[in-house]
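Working notes for the structure below.
The values are calculated or read from the model by the stated rules, or taken from the named source; none is laboratory data. Since the structure is predicted, the reported quantities are computational estimates derived from the model, not experimental observations. Positions of Cβ are generated from backbone atoms using ideal geometry, with glycine treated the same way; all protein chains shown enter the neighbour counts. In case anyone asks, the SASA skips ligands and DNA or RNA and just uses the protein heavy atoms, side chains included. Shrake-Rupley method; radii C 1.70, N 1.55, O 1.52, S 1.80 Å.
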Amino acid sequence: MRADAARNLELVLTTGARMLADEPATSVAAIAAEAGVDRRTVYRRFAGRDELLAAVYEARLDAIEAAIEAARLRVAPVPVALHRYVEGIIGVNRKWPVELSKMRAVPEIWERRLRAVDEVERFLQRATEDGLLRPGLPDRWPGRVLGQLLRLASRELPDLSDAHAADVVVDTFLRGFGAEQAGASRTS
């Protein structure tokens, strides 16, 4: 793919993600116009709205998977991995604001989403075993709350950089779920 074609594709996908997050019924023509490309350019790449929508969701998943990999959830020190993950996902949410739960009808995309969720759950279990998080919390509750904090920070803290928004999210998360010694070390 030529560089200009790749840029146009990225622009169409990110514009589509933003517009579809605001209005799920947005048309391909409206996305093309907002992206500043001819709608025929979009239709040469995508047969229709559903194909474009699937490409937006796949691009979001690619970015989520890259953020998980960059955070090194399985091997980095838990506090470092947590902050890297949160910072990366805030960036993903800001660039790709569409919600993946709408893609349950596409099995391949939904399976990828579930694998990403499971990877984070394994990490949070490691965080508990390493003493960063309190044990005995309801199953999957910390991960669900973390997901909501990430969505909230992505929308409600637009003036903060991804890193600073991650500071807020990690602090909030650890104040709610952190083990006593983790809370004590943060306040000293």
Based solely on its DSSP helices, what 222 nm [θ] is calculated for the chain when runs of n ≥ 4 H residues each add -39,500 (n - 2.57) and the sum is averaged over all residues, nearest 500 deg cm²/dmol?
-> -24500 deg cm²/dmol
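Per residue, what accessible area does the chain have, given a 1.4 Å probe and all protein chains present, in Å²?
Details: 10520 Å² over 188 residues.
Value for the chain: 56 Å² per residue.
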How large is the dipole of the chain about the Cα centre if only Lys and Arg carry +1 and Asp and Glu carry -1, each at its Cβ, rounded to the nearest 20 debye?
-> 220
Farthest toward the dipole's positive end in the chain, which of Tyr85, Ala116, Leu160, given Cβ charges of +1 (Lys, Arg) and -1 (Asp, Glu) about the Cα centre?
-> Ala116
Treating the beta-carbon of each Lys and Arg as +1 and of each Asp and Glu as -1, no other charges, what is the dipole magnitude of region 98-140 about its Cα centre, to the nearest 20 debye?
-> 140
At 4 °C and 1.567 mPa s, what whole-number value in µm²/s does Stokes-Einstein give for the translational diffusion of region 1-110, with Rh from the Kirkwood sum over Cα pairs?
-> 87
At 1.4 Å probe size, with no ligands or nucleic acids counted, give the accessible surface of Asp162 in Å², nearest ten.
-> 50
Working from Cα positions, state the angle (0 to 90°, nearest 10) between the long axis of helix 141-156 and the longest principal axis of the chain.
-> 50
Looking at region 50-97, what % of the alpha carbon pairs are farther apart than 15 Å?
-> 46
Take the Cα gyration tensor of region 44-186, multiply each eigenvalue by 5, square-root it, and list the three semi-axes largest first, rounded to whole angstrom.
-> 29, 16, 12
